[in-house]
Amino acid sequence: MTSDAYTEAWLAGPQLTQFYTRTYLASPASPAKAVLVFIHGFAEHVGRYTEAHPVLAAAGINVFTFDQRGFGKTALDPAQKSRSNAYGRTSGEAQMDDVAWAVAHAARAFPGLPLFLSGHSMGGGEVLNFPIRRAEAASALAGVIASSPIVHQTKPASKVQRWIGGRVAVVLPNMSFPAPLDYADLSHDEAYNKMCRLDPLTKLQGSLRGISDMLNWGEELLAENYKKWPKALPVLFVHGTGDQITSHVAAKALHDKIVADDKSFIAYPDMFHELVHEPACREKVLADIIAFIDAHAGKPAGAVATDAAEPAAQVEAKL
């Protein structure tokens, strides 16, 4: 199925999972210069990016994205979903396999184009873990973009709750667990927040293993795993300082700890969690992402673009 902006397809992925996918192509007037694989966040789906991804395509960036295992149509479409796929059912290792599959698919679909990996929130945590936990597959990447990544929660659950949840997850990994969210924390756009609250493809729940891995892997990034970041792989963090869901302070601390030849952190003062839906900054966020891709699209995967680091240093000085 196609629309004016994207092509839809159901594709077979790891563990016999059928994934709902979308592909946005650069227009003939602006030939493709790069391809971006995008990983959405917890309790959302790629339909939330119907306005943002065409902006990237118009800038000459092909976008391949999919509803993750356990979310969106991949979990809820009664006619197409895999029988084993239930809402929220996932794990960190399964997500790494799925990201590797998506990266390989994009590389085959668009040979010769520089390949970038981007993710938001839970997806932001995934794209930061991917080069560390799947180093060989990540060697194809020209850059990583983490949007409001889950390193720490802004309002974390208690240590007792986390301890109990982690122990139960070992025995009952697929047990569904509520994950409450104040939709007002998504953005300053009340109409958008209401739409998300009423979205039939969204449920505020996840599997114990999926939630446990999401939170633990973020903490492990900051505590120890940052040391494994590939030094030559460029990375861009974008985060709002008003984010009440994922901590911009923890994300900045991770950025500072990573040893990379080319790393950038762009803060958006007072902005909430979903930057591409923030009326006051969405155009700038997309422009910043496009600028990062433009700065690295002419370089082979893993190459360093020293000319892209200076603007980030200016932003950091204002934090």
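Numbers below:
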item	result
Signed unit charges on C-beta, dipole axis of the chain, positive-most listed residue Gly298, Val249, His40	His40
Above-threshold pairs, the threshold being 24 Å between Cα atoms, out of Lys155/Lys284; Lys73/Lys194; Lys155/Lys194	Lys155/Lys284
Expected 222 nm ellipticity per residue - DSSP helices of 4 or more, -39500 (n - 2.57), all of the chain, to 500	-11000 deg cm²/dmol
Packing-based exposure ordering (other Cβ within 10 Å, fewest first) of Lys227, Lys81	Lys227, Lys81
Span from the the range 24-53 Cα centroid across to the the range 238-304 one, whole angstrom	17 Å
Modelled FRET efficiency - R0 30 Å, Ala12 with Asn216, Cβ distances, 0.05 increments	0.55
Amide H contacts of Gln18 (H built 1.01 Å from N, under 5 Å, at least 5 apart or other chain)	Gly13, Ser82
Loop-located GluC sites (Glu not before Pro) in the range 194-225 whose Cβ has at most 11 other Cβ within 10 Å (DSSP)	Glu224
Length gained when the stretch Lys33-Asp270 is fully extended (0.36 nm per residue, less Cα-Cα span)	82.0 nm
Length added when fully stretched, Leu25-Met195, from 0.36 nm per residue minus Cα-Cα	58.6 nm
Point-to-point label distance, Gln244-Ala157, nm (Cα→Cβ direction, 7 Å offset)	2.0 nm
Given charges at beta-carbon only (K, R positive; D, E negative), |dipole| of the chain in Debye	880 debye
Rel. contact order, % - alpha carbon contacts under 8 angstrom, at least six apart, the range 7-316	18 percent
Per-selection metrics, the range 7-316 (Cα): Rg and Dmax in Å	17.9, 56
Residues Gln80 and Ala58, FRET efficiency given R0 of 22 Å [Cβ-Cβ distance, rounded to 0.05]	0.15
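Throughout, read-outs are computed from the coordinates displayed, never taken from laboratory work. From a predicted model like this one, the values you see are computed outputs, not experimental measurements. Note that we place each Cβ from the backbone using ideal geometry, even for glycine, and neighbour counts take in every protein chain shown.
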